[in-house]
Amino acid sequence: MKPMQILAFVIASALASTGAVAAELIVFSAGAVKSALSLLAPAWEARSGHRLNITYAAAGDLRKKLAAGERADILILPLENFAAVEKDGLTDTAARRDLGAVGIGVAVKAGAKLPDLSNEAGVKRALLEAKSVTFMDPARGTSGKHFDEVVLPKLAIRDAVRAKATLGEGGMIAEKVARGEVEMAFHQMTELLPVQGITIVGVLPPSLQKTTVYSGAVMKAAKSPVEAAELLAFLVASEGRATFLAKGFTAP
């Protein structure tokens, strides 16, 4: 057995001997957090003896799940989404912890010419010259909504870019760039960094940038609220914070 498996077995055995029952926590998480949470989840499971059942999806898709009556122990979304969630009585501010912040980056295929994105003029020129681009469907993702409703109108090229855009439905949309299907991707930095076969040109300039804070909250309908709160505490403690920073987040 690997060391982590041995530790998990020892903890599970200890829980069984004391009569404690291992819980399965249901987690609904925005996809931008996956690179960090997927590393931290096994460590927390081994330490706690509990299990995590994580659903990763675009923020818009998670909101649809909530509207349809689906519930979890923990909900991880962009901070700006929690006003509506809290208004609906699904979580409360006291149960929320900020996990990390991330900005929007730009990627091209590895080996391609790198555009100058240092200012608005450079971004506009790069977008007009590109034969194709991809960004998240504005109805599904925070970065896509900002790009479509703020960046493109500000540059006065919304119609021109939308005409040649492939809207992402979730996951690592820059993989389309790696495969040569699209020239340029605009997405959260945390979802660009894991993609092989691309070059990250950089982030959008400050005047066009949006930094999104991702937060986690215990849902009021949680079946294991104590364990859920313990998981959030672990994610914002030293090991959790270090992992988030290593995966492209900044401190919230």
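The values are calculated or read from the model by the stated rules, or taken from the named source; none is laboratory data. Just so you know, these numbers come straight off a predicted model, no measurement behind them. Neighbour counts run over all protein chains shown; Cβ positions are idealised from the backbone, glycine included. The area values use the complete protein model at the heavy-atom level, side chains included, leaving out ligands, DNA and RNA. Shrake-Rupley method; radii C 1.70, N 1.55, O 1.52, S 1.80 Å.
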**Filtered residues of segment 87-109 (kept if more than 30 Å from residue 186 (Cα to Cα) and open to solvent by 10 Å² or more (accessible area, probe 1.4 Å))** = 87, 88, 89, 90, 92, 93, 94, 95
**Request:** Kindly check whether there is at least one residue in segment 171-180 that is under 20 Å from residue 60 (Cα atoms), among the small types (Gly, Ala, Ser) and modelled with pLDDT under 95.
**Result:** yes
**Message:** Can you tell me how many residues within segment 185-204 are in contact with a Gly (Cβ under 9 Å, 6 or more places away or on another chain) and without any contact (Cβ under 8 Å) to a residue 40 or more places away in the chain?
**Reply:** 0
**Asked** Of all residues in segment 43-76, which are more than 19 Å from residue 192 (Cα to Cα), open to solvent by 60 Å² or more (accessible area, probe 1.4 Å) and either under 17 Å from the mean Cα position of the chain (by Cα) or not small (Gly, Ala, Ser) (or both)?
**Response** 47, 51, 53, 63, 64, 70, 71
**Request:** State yes or no: is residue 114 modelled with pLDDT of 95 or more and part of a loop (DSSP other than H, G, I, E, B)?
**Result:** yes
**Item:** Filter result (in a helix (DSSP H, G or I) and either out of contact with any strand residue (DSSP E or B) (no Cβ under 8 Å at 6 or more places or on another chain) or touching a residue at least 12 places away in the same chain (Cβ under 8 Å) (or both)) within segment 122-146
**Value:** 122, 123, 124, 125, 126, 127, 128, 129, 142, 143, 144, 146
**Request:** Would you mind listing the helices (runs of 4 or more DSSP H) fully within segment 147-247 where at least 2 residues are in contact with a strand residue (DSSP E or B) (Cβ under 6 Å, 6 or more places away or on another chain) and crowded, with 17+ Cβ neighbours inside 10 Å?
**Result:** 175-178, 189-192, 225-236
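Yes or no, residue by residue, for (1) aliphatic (A, V, I, L, M); (2) farther than 24 Å from residue 87 by Cβ; (3) within 17 Å of the chain's Cα centre (by Cα):
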{"site": "153", "(1), (2), (3)": "no, yes, no"}
{"site": "172", "(1), (2), (3)": "yes, yes, yes"}
{"site": "175", "(1), (2), (3)": "no, yes, yes"}
{"site": "194", "(1), (2), (3)": "no, yes, yes"}
{"site": "202", "(1), (2), (3)": "no, yes, no"}
